[in-house]
Every structure is written in structure tokens, then in C-alpha cells.
């Protein structure tokens, strides 16, 4: 693990991509077959492969407790170091910099430890296990062990660069490595296949989910027709993306984060299992009463329930819309054009709770506009425009698939709180809590950190520090002066925020320094937007 830490430090200090790739390739070539898959995986910042559902369940609090016990530092010293570095791994190295000891365990040993840690239940037992392992790591190795636990190396290495380095290390075409990793979701396994000249053996594996192909948002129809002259047009459903794997009498549903969510939808799984084929489908789970889509707010009542009871199953009926076919009876279809995949998908049939996509082909802006209005009338949130010749590229976002949605109105809100950021934003107040007016008081309704420029970030951070009403350590209560325009994808009821609502995917559109707090939007307007966009009663 000490050598891994040294390589990671070299990568962090190297700015050029080619230089980073050369360091990685030389490192991979030097490793034996037991260390290679673990090293490749760890360099993506993850303790487990993408397809692996295990989690460490170790938060910042547990890591802080372990580091405080190992170092003997005070909580104040820890907080000061965290504000300085914005990264708990860097904090651990700083607090334990003067500690000497024998060489750290090997990288494969840390991989085995993560597997054991994932199976440990209870914070006390996890804390003791953490102290035991972290206590055996030298400061630099500890830094990167903690970074992997907290899901972020921050050394300027993306998974795509790891793929390129594997290709360079073992003389394999980069496209072969990328394709194998898309199929397997395990860059460590791909590294071994590349080292042994066996990347061609990679293929779709049932019950090992693939990443979803993604679409690029466009704001207007004419933008789409600058890309192509004809599109396959699907409704864009306001549900949750879901990939289905079927083999024999078994069916499983995986989320876009590759988690098995089959138990949450016992009403849908049996009908998927009855399709009578080995297959992998891509689609969307939506709340639907048999006539009309009911929207995400209705579906959200079902989400997260591991074993939903009969009452909630009846209250929120769910359908599965299958809009793509990725694998059928031993044949991988990913490289087939969309039109070919759709023909085979249509031949499967869609009984009961399984729905075919609402699809048309459009060659003019007028046809897309008509389809857009029809989609909204069916209770859906817009359109997906897909190139007829597009292959399915797991995990990729490009211009072959476009998404067209009618944006909601924005809200003018006022910043009432700020929190220190992480990584490049360490030392800056970059996470902003904002509020709307509710009579004579302000009602916080969310938090946002994206959408502003570096210059705006520096201005806001300085202003919030100077106008802080209360210092909470990592966060500040600030004087309500700065108005921001906030964009969002929806509004849900919520007990988390004093306003009683939460914005879906809030983002700062712009600073409104021209506006005063008296001009901030009201809670009544939030209610009005919520009422106008919520689904009809089930």
C-alpha cells in the first residue's frame, strides 16, 4: 500500500494527461495478478466494482472518531485541518504525519479488509475495525485508504484514464478495453483480461447490470434538427430508470446506480419473469393508473420501501415501460442500431404491467412539437429524441440521444446559510442554504452549490464570512442579503426543510444583486407551482 500511495502522489503532482497515463501504465505492468485488479479498481476511487452492491457504510463521523483516537488530536484541531484541506484523507495524513512504523500492509490486504468491513454491522464494531487497519498504515498510505473509503482520490485520474493506461500497459486497443469495462463494470477484472490478452471474452452477464446510456438536454426543437434530420421520438417518463435482467423464472430490476431494487416492485417482477426469454431490458418504472402517468411525486411514495405492503401497492400502481433491448437469448445487441433493437423488442409483447414505449418518427420541428404536447397530455415530462442508427453505449452521454423538457419556473431565493466545500472548493463557503418568504419570516427550502462561476464563488464566500451571524464550525448562518435565482426539476413535499417543500435538483441560475430580500418569492408561490405540477390523485 505504501507503493500505491507513492504512485498516487506522483499522479497528483503530474498535470499532463499523457504523463499520468505513462505513470499508470508502468505501474500496472509491474504488478502481479493478485495486486493488478485491486490497484486498477482503487485508482478509480472505489473499494468495490461498479456492479458490486456492497457498501462500506462508513461516514465522515466514524472516520473522524477513528482518526481522533489514533492521533490523539482534539476535535478543534480536526476541524481546523478539515477547513484547510477539505478532504478527510488529507486531514488524517496531517494529524499522523510524525508517526513512524513498519511498512503498511499490501494493497490486496486492504482490498480484503474492505470486504470484511462491508460485512461488519454496527458503528462501534466498524470503528474498532477501522482503527485496527488504519493504525497499520503509514501516513501517506492512510491518506489514500481514507480517501477510498470516503469515495474520492482527487488526484486527477478518471476511470477513462485508467482504461487508457491499461490499454497502453498491455498493448490492447483502447476501444477494446473501454468496451470490456462497459460490459463488465469492473475495471480490475478488465485489467487482468487485458494483461492476458483476453478482452474479447468480455460480454453481457445476466444479473450484472450495465450503466445506462444517457441523453443530452436541449432547450429547443430547432437545436435537435441541427444534429440530424430524423429522430425516433419517445415520451420522456417522469419515473426512475430501471434495467431488467431475466433468466429462466428469475427477474431482477436494477436502478441507474446499479442497485438491485427488485424487492421494491413485487407487483412488476412476476410479469417480467414470465416473458420467457433470457434478456436485458432498459426502461423506466412509472406510477401509472392504466390510463395516464401519475408523475414522480406519486412514484416517490413507493421508493425506498424494501417490502411494500398491499396498501401502498394499491395506492400507487406501477408500470414498467421497456424502451430498449440490450441482450436477447445469448445475443448481445448493444452494437445493433436502435431501429433493429426496437424491432426485436416489439416482438416480445407487453402484457399486464409492462408497457411499450409511446414512439413516433419525426422529420420536422412541427412533428416534434405535436409529439411534445401529446406527451405532456399523457402525464409525461417531455420527449427523448434518439438517432435511428444509434448503438447502445453504456454510461455514455452524447448527441445520439437528446432530451427535451418544458422547464419549470425559477424561484428567487435568499441565501441564509453557507458551508465549506470539498476538494477544489476547500476553504471556500460554497454550499448555500436558501429560503423563500413566508409572511414575516424566511423559510429555508433547499441547498445548492452548482451553477456559479469561480468569480461569483469567491465573492459569495467572502461575503458570507463577513456577514455571518453565527459560526457553527463547518457552516455559518449568514445575514439574508444575497438573492439568487434557483432552477429546479420539480417540487416535492418534505419534512426536511422548514418550508415543508424540497426542490428537486436545485441549481443556482444567477446572482440577483439587483433584487432585495423583499422581492424574494413566497411560500405561496412554491405551493402554487407544486399544485400545478403534481399528479392527479391516484
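Only residues that are over 27 Å from residue 525 (Cα atoms) and not in a loop (DSSP other than H, G, I, E, B) were counted in segment 420-451, giving 5.
Here is a yes/no grid of residues against (1) under 19 Å from residue 239 (Cβ atoms); (2) touching a residue at least 40 places away in the same chain (Cβ under 8 Å):
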| residue | (1), (2) |
| --- | --- |
| 303 | yes, yes |
| 307 | no, yes |
| 310 | no, no |
| 316 | yes, yes |
| 320 | yes, yes |
| 325 | yes, yes |
| 335 | no, yes |
| 340 | no, no |
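Within segment 359-375, the residues that satisfy the criterion of being farther than 20 Å from residue 322 by Cβ, touching a strand residue (DSSP E or B) at 6+ places or on another chain (Cβ under 6 Å) and either in a helix (DSSP H, G or I) or free of Cβ contacts under 8 Å to residues at least 40 places away in the same chain (or both) are 368, 372. Can you confirm whether residue 247 is without any contact (Cβ under 8 Å) to a residue 60 or more places away in the chain and either buried (at least 18 other Cβ atoms within 10 Å of the Cβ) or not assigned by TED's automatic domain parsing to the domain that holds residue 378 (or both)? It is false that residue 247 is without any contact (Cβ under 8 Å) to a residue 60 or more places away in the chain and either buried (at least 18 other Cβ atoms within 10 Å of the Cβ) or not assigned by TED's automatic domain parsing to the domain that holds residue 378 (or both). Against the condition crowded, with 21+ Cβ neighbours inside 10 Å and either part of a loop (DSSP other than H, G, I, E, B) or in contact with a helix residue (DSSP H, G or I) (Cβ under 9 Å, 6 or more places away or on another chain) (or both), how does residue 8 come out, does it pass? Answer is yes for this residue.
In segment 266-296, the residue that is farthest from residue 494 (Cα to Cα) out of those that are surrounded by fewer than 22 Cβ atoms within 10 Å (Cβ to Cβ) and free of Cβ contacts under 8 Å to residues at least 60 places away in the same chain is 276. Scanning segment 461-476 for residues that are closer than 18 Å to residue 81 by Cα, in contact (Cβ under 8 Å) with a residue 12 or more places away in the chain and assigned to a loop (DSSP other than H, G, I, E, B) yields 473, 474.
Once segment 141-175 is narrowed to residues that are without any contact (Cβ under 8 Å) to a residue 60 or more places away in the chain and farther than 16 Å from residue 46 by Cβ, the residue that is surrounded by the fewest Cβ atoms within 10 Å (Cβ to Cβ) is 171. Just so you know, in segment 180-238 the residues that are out of contact with any helix residue (DSSP H, G or I) (no Cβ under 8 Å at 6 or more places or on another chain) and assigned to a helix (DSSP H, G or I) include one that is surrounded by the fewest Cβ atoms within 10 Å (Cβ to Cβ), and it is 223.
Give 115, 108 a once-over and let me know the one that is in contact (Cβ under 8 Å) with a residue 60 or more places away in the chain, out of contact with any helix residue (DSSP H, G or I) (no Cβ under 6 Å at 6 or more places or on another chain) and in the same structural domain as residue 33 (by TED's automatic domain parsing). So that I can check it myself, show each step before the final result.
Numbers: 108 fails: out of contact with any helix residue (DSSP H, G or I) (no Cβ under 6 Å at 6 or more places or on another chain).
It is 115.
Among the residues of segment 361-381, is any farther than 10 Å from residue 233 by Cα and under 22 Å from the mean Cα position of the chain (by Cα)? Yes, because at least one residue in segment 361-381 is farther than 10 Å from residue 233 by Cα and under 22 Å from the mean Cα position of the chain (by Cα).
Of the residues making up segment 458-484, those that are more than 11 Å from residue 417 (Cβ to Cβ) and out of contact with any strand residue (DSSP E or B) (no Cβ under 6 Å at 6 or more places or on another chain) are 458, 459, 460, 462, 463, 465, 466, 471, 473, 481.
Considering every residue within segment 492-512, establish whether at least one is in a loop (DSSP other than H, G, I, E, B), assigned by TED's automatic domain parsing to the domain that holds residue 421 and over 30 Å from residue 303 (Cα atoms).
The initial filter retains those residues of segment 492-512 that are in a loop (DSSP other than H, G, I, E, B), namely 494-500, 505-506, 512.
Checking which are assigned by TED's automatic domain parsing to the domain that holds residue 421 leaves us with 494-500, 505-506, 512.
The next check asks that each one be over 30 Å from residue 303 (Cα atoms); those that pass are 512.
Checked against the condition, which is being in a loop (DSSP other than H, G, I, E, B), assigned by TED's automatic domain parsing to the domain that holds residue 421 and over 30 Å from residue 303 (Cα atoms), segment 492-512 yields at least one hit.
Loosely packed, with under 15 Cβ neighbours inside 10 Å and in a loop (DSSP other than H, G, I, E, B): does that describe residue 263? So residue 263 fails the test. The set of residues in segment 176-207 that are free of Cβ contacts under 8 Å to residues at least 24 places away in the same chain and more than 19 Å from the chain's Cα centre (by Cα) comprises 177, 178, 179, 180, 193, 196, 198, 201, 202, 205.
Looking across segment 509-526 at every residue that is at pLDDT below 90 and within 29 Å of the chain's Cα centre (by Cα), the one that is nearest to residue 238 (Cα to Cα) is identified as 509.
Among the listed residues 62, 110, which satisfies the condition of being assigned to a helix (DSSP H, G or I), out of contact with any strand residue (DSSP E or B) (no Cβ under 6 Å at 6 or more places or on another chain) and surrounded by 20 or more Cβ atoms within 10 Å (Cβ to Cβ)? Show your work before the answer.
Values: 62 fails: surrounded by 20 or more Cβ atoms within 10 Å (Cβ to Cβ).
Of the residues listed, the single one that is assigned to a helix (DSSP H, G or I), out of contact with any strand residue (DSSP E or B) (no Cβ under 6 Å at 6 or more places or on another chain) and surrounded by 20 or more Cβ atoms within 10 Å (Cβ to Cβ) is 110.
The values are calculated or read from the model by the stated rules, or taken from the named source; none is laboratory data. Since the model is a prediction, treat every value here as computed from it, not as a measurement. Because the Cβ atoms are built from the backbone with ideal geometry, glycine has one as well, and the counts that use them run over all protein chains shown.
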